[in-house]
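Where a number appears in this text, it was derived from the coordinates with a stated rule and is not lab data. These numbers were taken from a predicted model, which means no experiment stands behind them. No Cβ is skipped: glycine too gets one built from the backbone with ideal geometry, and neighbour counts run over all protein chains shown.
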Amino acid sequence: NLNPSTKPLQMLRHLLTTVRHRSTTALYNHHYRHLYRSASYKHPKTPTPPSPPKPPKAPQKPQTFTFHDVTWEDPYSWMSSLQDKVAMRHMDMYMEQEEKYTEAVMSDTERLQTKLQSEMASRLDFDLSTPPLRWGPWLYYRRVEEGKQYPVLCRRLASLNDEFISHKSPSAGFDFTSGKRIEQKLLDYNQEAERFGGYAYEELSEISPDHKFLAYTMYDKDNDYFKLSVRNLNSGALCSKPNANRVSNLAWIKDGQALLYVITDENRRPHRIYCSMIGSTEEDVLLLEEQDETVYVNIRHTKDFHFVTVNTFSPTSSKVFLINAADPFSGMTLVWESEGIVHCILEHHQGYLYLFTDAAKDGHVVDSHYLLCSPVDCPSNPRIWESVFIDDQDLIIEDVDFSNSRLVLITREGRNFGICSVALPLLGRKQAVYLRELNPHFLPLPKNVCKISPGPNYDFYSTTMRFTISSPVMPDAVVDYDLSNGKWNIVQQQNILHERTRILYGTALSSAIAEKSTNVKNSSTNDVKSEDDNLWNDLSEFYACEHYDVSSYDGTVVPLTIVYSCKNRKDKQSPGLLHGHGAFGEILDKQWRSELKSLLDRGWIVAYADVRGGGGGGKKWHHDGRGTKKQNSIRDYISCAKYLVEKEIVQENKLAAWGYSAGGLLVASAINCSPELFRAAVLKVPFLDATNTLLYPILPLTAVDYEEFGYPGDIDDFHAIRKFSPYDNIQKDVLYPSVLVSSSFNTRFGICFLWG
C-alpha cells in the first residue's frame, strides 16, 4: 500500500484485523464441521464466501548487475527510473492496483476502522497555539486561526499584560481593558502557501537579535529546494535581498544588520557561505567556497551572538572555525580539528570557548561526549583545550546548554535521565573535576523519563530554560525551569484522561506547582521526585512501564521496555507490537503516543527494543550496530522478539513488528531471518533496497549515510550490505507475515513493495 502520509489509523487497523481474520476463520471452520454432525436437520445453504482478492503483480523487466565480481538479477530495477515517463506510468498503474487490493482486503473491517478513527479523533490535541516563548521583551508563539490550514507566527510585548499569553484570552489579541490590539502577526503561513503553489513547509526560521527581521526558508516544491526570504517585522514587507535558493543554514551577525547563509550545490552538499547586508543594494559577499566534494559546511551562531561557528566535516576530518560576528570580513580562525566525522558544538561564554564533542581523546576512541574549554585569546598554536569534567561512567553527560549565569546538563545514570545546572563562570579551576564536586542542582522530573529535549532557549540572558520531557506512560510535557530558584512550570501537556489539553500559562495553578517542587536535594538524580506525581499528568496508575534485560546471541545485554494497560492486559494471551530503530546512534523514540492507546486498551503489549546501532549506550553501542556490524542490531531485535514470546509476555503467533525509515530495514531484515516469529508488520517509509540505493542513489547520500550503512566500494562493506539488504534476501516458498508498507514517491531511500 502506497500512501503519501503515514497514518496511525492504517497501522492500528492492519494490526487489529490481522489477528481478527484468523480468529474468524477458526470460528467458521468449527461451525462448518458442525453442519455434518447434524444430519437430522438440514440447514439452509450457506452462501459461498467470496474468493479472497488476488494481490497485483508488478511487471518484471530483469536487469543484470555486477559489482565486486558478484552478479545478480533485479527484475524491478525499472521502478527507480524516475526520468522514464513510460516506466513511471507503469508504476502509477501498479500502485493504483495496490491501493485497490488494500481496500478489498480491508473491506470487512470498515466498522472497526470507523471506531478506531472515532477513538483517535477524540484524543487529538485541539489546542491550536504553541506555548509562548519569551525572548527579551517579546513573547513569540504560533497559532492556527479558525478555518485556516496553516499557522500564524505572532508576538506580543510581555510587559503589556502579565497574565495574557494565550491568544484565546483576550480573543484575537485584543485587550478590552486598554482598548488596544496587543498581538502582532509576523508571518501568515497561509499567505506563504499562496506564494509557493498552495503548499507551506518551513525548514529554517531565525529572528534577528534586535527583533527587527525574520529570516526563513520555505520549500519550493516545483523546484525541489528551500528558498530564503527575509521579512521586516515592523512593516511586514519582504526585503529585496537576500533572495537565495537551495539554502541549508542561517546565522545573524552584526546585531541583526547582516545575515550569513549557506547554499548547497546540485548534489545538495552545503558548500558556500554568503554574507548579506540587510537593506544594502550591493551583491552578497562570498565568504567561503568548499570545492572538495567530500566536505560539507554548516554554520550556527553562539547563543550570545558574539561569534558564528563554521563546521566542516568529511569522512577524514572535522574542523571548527570562528567568525567574529561584529566583523565578518576579518576572516575565519581555525579553533579545533579532529580525524573522521565527529559531533562537535561550540559555545562562547564571557571570553571562553566551550566545545562539546565525542571526538577521540589522546588518540583513544571515547564512548560518550565530553566538555572542553579554552580562552578566546589563547596564544598557543595549535590551541590548547582543557577538560572541564573528569570522565564518570556512572554519570554520563548527554547534552549541554548555556545561559549567561548557568550551565545546564542533560545526564544519564544507566537508564535514568536527569537535568542539572551549575553556576557560571567556571573560573578558578586549574584542572578537571567530577561534576558532582560542583554541587549541581538536579531539577524535578517524573518517573520513567525516556527522553529530554532542550527547547529553543533563544534568550541567553534569561534564567528560565525550556525542555520537553517524554515518557512511555505520560504525554509530552513542555516545562519551563527557573534556574535561579529551581521552580518549574508545565506550560503545555495533553490531558489524556479528560481528552483535552492542559495549558498552564503562568497562572495560579502553575505557581502552586512551583511552590511544591522547590529546594530539591542535589545528591542524585534518583533523589529528585515531584511531591505530587499527578502534577505531571502521569498515566502510570493506568498503564505500566517495565524494563527487561535481554541476552542477545553473543551475550550482549539489550534493554527492552514494555508498556501495557494495568486493567486490560491478558495474562499469557496478549498480542504485542515490537518497535525498533537501531541506527545513527539515535535514541529509540519511546514517548507516549495517543494513537497507541487504542491498542493498549484492547490488551496489547507495546514493546521497545533498544538494539545496537541506536543511542543511549554510548558510541561503542552505536558503532557495534552499523556498517559491517549491522547484523548485531538485527539479531538483537530477533532476540527481543523471542524473549517476549518465550516469557509469555506476548502470546505466540500474535507478535507484530514496527519500524520506520532505517528501523524499517531493521524490522524487514528480522522478518527475512525469522518470518515465523511475526504475525504482522508495519513499515513506515522503510529503507529496504540497501544495495541499489547505496550503489546507485537516486538522491545524493551524505557521508553520514555511508558511515552508517557502509561504502559499497569497500568489498567487506559491500558483502555486509548484500547480507542485510531486505530486498535482496526475501526467501522463496516461505510464509511471511502480513506487511503494511506506507511511503510516498518523494523519499530518500529505496523501497520495495513485493512482500506477500
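What FRET efficiency comes out for the pair LYS61/LEU699, r = Cβ-Cβ distance, R0 = 22 Å, nearest 0.05?
Calculated value: 0.50.
Dipole of the stretch 543-689, Cα-centred, from +1 at each Lys and Arg C-beta and -1 at each Asp and Glu C-beta, to the nearest 20 debye?
160
Between LYS629 and GLU648, 0.36 nm times their residue separation minus their Cα-Cα distance comes to what? Display every interim value, and only then the final one.
Values: separation 19, 0.36 × 19 = 6.84 nm, distance 2.99 nm.
Between LYS629 and GLU648, full extension yields an extra 3.9 nm.
Could you run the Karplus curve 6.51 cos²θ - 1.76 cosθ + 1.60 with θ = phi - 60° over the stretch 292-309 and give me ³J(HN,Hα) per residue in whole Hz, x for Gly and Pro?
Per-residue couplings from phi come out as 5, 5, 9, 9, 10, 10, 9, 10, 7, 8, 5, 5, 8, 6, 7, 9, 10, 9 Hz.
Per 0.36 nm of contour for each residue apart, how much would the distance between GLN257 and ARG436 grow if the chain were fully extended, relative to their Cα-Cα spacing? Walk me through the numbers on the way to the answer.
Working: separation 179, 0.36 × 179 = 64.44 nm, distance 4.24 nm.
60.2 nm is the gain from fully extending GLN257 to ARG436.
Taking 7 Å along the Cα-to-C-beta vector as the label spot, tell me the GLN350-LYS115 distance in nanometres, rounded to one decimal.
Distance between the two pseudo-spin positions: 6.3 nm.
Name the residue from ASN234, ILE278, ILE299 whose Cα lies farthest towards the positive end of the charge dipole of the stretch 201-346, charges +1 on Cβ of Lys and Arg and -1 on Cβ of Asp and Glu.
Going by the Cα projections, it comes out as ASN234.
Compare the Cα positions of LEU701, VAL558, ILE721 along the charge dipole of the stretch 542-742 (+1 at Cβ of Lys, Arg; -1 at Cβ of Asp, Glu; about the Cα centre) and return the one farthest towards the positive end.
VAL558
Would you please give the residues with an amide H less than 5 Å from that of PHE226, counting only those at least 5 places away or on a separate chain, with H modeled from the backbone geometry?
Amide H to amide H, under 5 Å and 5 or more residues apart or across chains, PHE226 pairs with ASP220, ARG246, VAL247.
Can you tell me the FRET efficiency between ASP716 and GLU289 if r is taken as the Cβ-Cβ distance and R0 is 41 Å, rounded to the nearest 0.05? All intermediate terms of the calculation are to be shown ahead of the outcome.
On the way: r = 35 Å, r/R0 = 0.86.
About 0.70, to the nearest 0.05.
Using the C-alpha gyration tensor of the stretch 201-346, what are the square roots of 5 times its eigenvalues, in whole angstrom, with the largest one first?
Details: eigenvalues 123, 69, 32 Å².
Largest first, the stretch 201-346 gives 25, 19, 13 Å.
Please list, short to long, the whole-number percent of alpha-carbon pairs of the stretch 197-273 in consecutive 5 angstrom bins beginning at zero.
Once binned at 5 Å, the Cα pair distances of the stretch 197-273 give 3, 16, 26, 26, 17, 8, 4, 0.
Under 5 Å between amide H atoms, partner at least 5 residues away or on a different chain: which partners does THR464 have, H built in plane at 1.01 Å?
LEU483
Determine which aspartates and glutamates satisfy two conditions relative to LYS212: a Cα distance under 19 Å, and not lying fewer than 8 residues away in the same chain.
Straight-distance partners of LYS212: GLU183, ASP188, ASP255, ASP304, ASP459.
With label points built 7 Å along Cα→Cβ from the Cα atoms of MET88 and GLU146, find their separation and express it in nm.
4.3
Just want to confirm a number: the relative contact order over the stretch 174-305, from Cα pairs under 8 angstrom separated by 6+ residues, in percent.
Values: 259 pairs, mean separation 19.8, N = 132.
The normalised contact order for the stretch 174-305 reaches 15 percent.
Count charges around PHE226 for me, please; just the other residues with Cβ under 12 Å from its Cβ, Lys/Arg as +1, Asp/Glu as -1.
Values: positive: LYS221, LYS227, ARG246, ARG268; negative: GLU202, GLU203, ASP220, ASP224.
Overall, the nearby charge balance is 0.
Rounded, prolate or oblate, given the Cα gyration tensor of the stretch 611-702, with a/c below 1.5 counting as rounded?
The shape class here is oblate.
Per residue and in Å³, how big is the convex hull formed by the alpha-carbon atoms of the stretch 542-742? Can you show the working numbers first?
Numbers: hull volume 24.3 nm³, N = 201.
For the stretch 542-742, the hull spanned by Cα atoms encloses 121 Å³ per residue.
Name the residue from SER742, GLY664, ALA607 whose Cα lies farthest towards the positive end of the charge dipole of the stretch 542-742, charges +1 on Cβ of Lys and Arg and -1 on Cβ of Asp and Glu.
ALA607
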